[in-house]
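S.K.: Below is one structure. I have some questions about it.
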Amino acid sequence: MQRFQRYFLYGSGIYRHSTETIWRPYLMMKKPPSRSSLLFVLFSLLLFVGAFISTRLLDTTVTYIADNSPQETILTTRTIPIEIHPRKPPRIPKKPRRKVEIPLNCSAGNLTQSCPANYYPTRFHPEDQDRSSAPPTCPDYFRWIHEDLRPWRDTGITRDMVESARRTANFRLVIVEGRAYVETYEKAFQTRDVFTLWGILQFLRRYPGKVPDLDLMFDCVDWPVIIARNYRGPNATAPPPLFRYCGDDATLDIVFPDWSFWGWEEINIKPWEGLLRELKEGNKRRRWMDREPYAYWKGNPIVAQTRMDLLKCNVSDKQDWNARIYAQDWIRESQQGYKQSDLASQCIHRYKIYIEGSAWSVSEKYILACDSVSLLVKPHYYDFFTRSLMPVHHYWPIRDDDKCKSIKFAVDWGNSHKQKAQAIGKAASNFIQEDLKMDYVYDYMFHLLNEYAKLLRYKPTVPQNAIELCSETMACPAEGLRKKFMMESMVKGPADTSLCTMPPPYDGLSLNSLLKRKANSIKQVEIWEKKYWENQT
């Protein structure tokens with residue numbers, strides 16, 4: 001018994017404090033307690049010590065909302081360890097963010113495929129978003145939004161201006177209180193209009209309660225038509241605002257992300273978000289140094305004379321221009337199940353050629369994503385992101401008036417400067433992977449349409465002949481690849497990250513400096529190329 005008392009009386013730390021608190025009153029009693037009382041106290045002490053040790057690592061259960069849709073709420077339970085330090089307060093985990101999902105109602109009872117009355121949340125609380133870090137700054141190509149809308153900066157946009165763009169438009173889109181209404185004037189080629197409108201509906205699902213009312217005309221044809229020179233001079237009227245997929249230096253059309261970001265049904269090109277991951281994995285299949293040391297192009301040559309000219313650069317018995325050119329027969333390819341058109345399997349050459357078709361081509365982003373050096377035959381059109389590409393940094397410029405010689409020089413230069421060439425290819429694929437992910441595509445749409453809406457000098461109203469569109473009316477009756485691509489690209493609910501912050505517009509000096517830098521880089525390549533051929537002859 002004395003040994004037992006000595007052990008507890010001369011302990012240290014919290015054990016000593018505990019034993020003194022419990023045992024000292026009993027030891028100082030004149031009449032010792034009974035054996036049963038002593039056993040009770042000993043049992044209590046053991047419970048106390050066990051409880052203290054167990055609190056060194058306490059498992060606590062936190063319940064959070066994983067899904068909060070208008071129809072159902074799913075509660076998910078997760079066990080999160082909380083570390084307890086004897087000298088520090090317990091670390092309580094942050095309250096998990098609510099993840100809101102908007103269901104797609106394709107039930108048998110909704111045979112008319114009408115839009116639900118509560119299709120979008122009327123409000124989306126800022127606390128539902130991740131505020132752990134400051135919003136990122138948007139990529140530089142967002143600055144061109146200011147340039148595209150500059151023609152209306154002083155005058156604003158009236159209803160008459162919008163309606164004057166109807167002459168070539170495929171459809172009119174009106175958004176009122178977060179709901180989309182469409183008046184169709186002419187069916188677009190293939191499913192361009194279908195997937196463009198689908199993309200806009202997903203945009204509304206991503207930013208409920210944030211998209212302002214707006215009214216716009218959209219033309220799905222390749223060629224821009226708003227000629228800038230027709231709206232210059234002291235007596236000139238303001239140009240009609242018309243949205244489309246590309247523009248050029250002589251026109252004022254407002255560029256918008258193309259339909260293929262949500263899928264291209266006719267040629268089995270998947271939605272961009274999933275395809276971008278496949279392209280990234282495809283790049284890993286063969287190291288740049290191990291790739292074929294030639295320039296590769298595969299596509300439909302009959303859409304433009306410039307592509308027909310490119311066929312002359314193919315290897316033959318008489319000449320090798322360092323190019324491997326393949327004509328794509330999409331009819332036969334569709335009959336054979338698109339086995340030879342998998343984009344992620346085409347990153348096996350060190351160099352890939354981009355050449356425009358009848359106008360700009362959606363293939364540019366797929367080519368730039370390949371880690372190969374992109375050889376851009378001098379483009380005459382731009383889309384919403386390509387104006388930020390820099391020659392000799394993101395791509396190698398190719399002359400359009402002497403393609404074969406220019407391609408041969410580019411490949412010879414790259415094979416002689418492998419590290420530099422590889423860096424150009426990597427810069428392009430990094431740009432595509434980081435600055436052209438779907439988060440930024442949607443942010444671009446938001447900032448463009450938000451700035452456009454600020455210029456409207458009237459309150460948009462739903463046209464008499466317009467019909468309401470929502471994901472149900474488009475996706476529920478869809479079949480085949482259309483249904484598949486819509487399901488793959490559907491936005492499940494509001495964005496849980498903040499919009500990127502718009503960069504400021506270019507001032508005159510910085511814009512001129514950017515354009516001059518591009519021109520000088522292209523001119524330098526032409527000088528190198530000229531010397532190369534002089535030495536050859």
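The values are calculated or read from the model by the stated rules, or taken from the named source; none is laboratory data. These numbers come from a predicted model, not from an experiment. Ideal geometry is used to build each Cβ from the backbone, glycine not excepted, and the neighbour counts take in all protein chains shown. Side chains are part of the model used for accessible areas, which takes the heavy atoms of the whole protein and leaves out ligands, DNA and RNA. Shrake-Rupley method; radii C 1.70, N 1.55, O 1.52, S 1.80 Å.
S.K.: Among the residues of region 137-148, write down those that are in contact with a strand residue (DSSP E or B) (Cβ under 7 Å, 6 or more places away or on another chain) and part of a loop (DSSP other than H, G, I, E, B).
M.R.: C138
S.K.: Does R291 fit the bill of being over 24 Å from Y382 (Cβ atoms), touching a strand residue (DSSP E or B) at 6+ places or on another chain (Cβ under 8 Å) and assigned by the TED database to the domain that holds D400?
M.R.: Here the answer is yes, as R291 does meet what is asked.
S.K.: Name, by its number, the condition in (1) of a type outside the set (F, W, Y); (2) open to solvent by less than 20 Å² (accessible area, probe 1.4 Å); (3) more than 29 Å from the chain's Cα centre (by Cα) that does not hold for G299.
M.R.: For G299, the failing item is (3).
A quick yes/no check of all residues on (1) open to solvent by less than 10 Å² (accessible area, probe 1.4 Å); (2) touching a residue at least 60 places away in the same chain (Cβ under 8 Å); (3) under 30 Å from E266 (Cβ atoms):
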{"residue": "G156", "(1), (2), (3)": "yes, yes, no"}
{"residue": "E177", "(1), (2), (3)": "no, no, no"}
{"residue": "T184", "(1), (2), (3)": "no, no, yes"}
{"residue": "Q190", "(1), (2), (3)": "no, yes, yes"}
{"residue": "V194", "(1), (2), (3)": "no, yes, yes"}
{"residue": "G199", "(1), (2), (3)": "yes, yes, yes"}
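S.K.: A follow-up question, please. For N535, work out the one condition from (1) out of contact with any strand residue (DSSP E or B) (no Cβ under 8 Å at 6 or more places or on another chain); (2) assigned by the TED database to the domain that holds F385; (3) under 30 Å from K408 (Cα atoms) it doesn't fulfil.
M.R.: Evaluating N535 over (1) out of contact with any strand residue (DSSP E or B) (no Cβ under 8 Å at 6 or more places or on another chain); (2) assigned by the TED database to the domain that holds F385; (3) under 30 Å from K408 (Cα atoms) leaves (2) as the failure.
S.K.: Take the residues of region 252-273 that are open to solvent by 10 Å² or more (accessible area, probe 1.4 Å) and farther than 16 Å from L436 by Cβ: which is nearest to the chain's Cα centre (by Cα)?
M.R.: Among residues in region 252-273 that are open to solvent by 10 Å² or more (accessible area, probe 1.4 Å) and farther than 16 Å from L436 by Cβ, the one nearest to the chain's Cα centre (by Cα) is W264.
S.K.: I've got another one for you. Take the residues in region 484-508 that are of a type outside the set (A, V, I, L, M, F, W, C), part of a loop (DSSP other than H, G, I, E, B) and closer than 19 Å to R205 by Cβ; name whichever of them is most open to solvent (accessible area, probe 1.4 Å).
M.R.: K492
S.K.: Let me ask another. Just checking: which of the strands (runs of 3 or more DSSP E) contained wholly in region 179-253 hold 1 or more residues that are in contact with a helix residue (DSSP H, G or I) (Cβ under 8 Å, 6 or more places away or on another chain) and among the polar types (S, T, N, Q)?
M.R.: Counting at least 1 such residues, we get 179-184.
For (1) over 25 Å from the mean Cα position of the chain (by Cα); (2) charged (D, E, K, R); (3) farther than 24 Å from K418 by Cα; (4) open to solvent by less than 50 Å² (accessible area, probe 1.4 Å), each residue gets a yes or a no:
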residue	(1), (2), (3), (4)
L311	yes, no, yes, no
D317	yes, yes, yes, no
R324	yes, yes, no, yes
Q328	yes, no, yes, yes
R332	yes, yes, yes, no
Y354	no, no, no, yes
S363	no, no, yes, yes
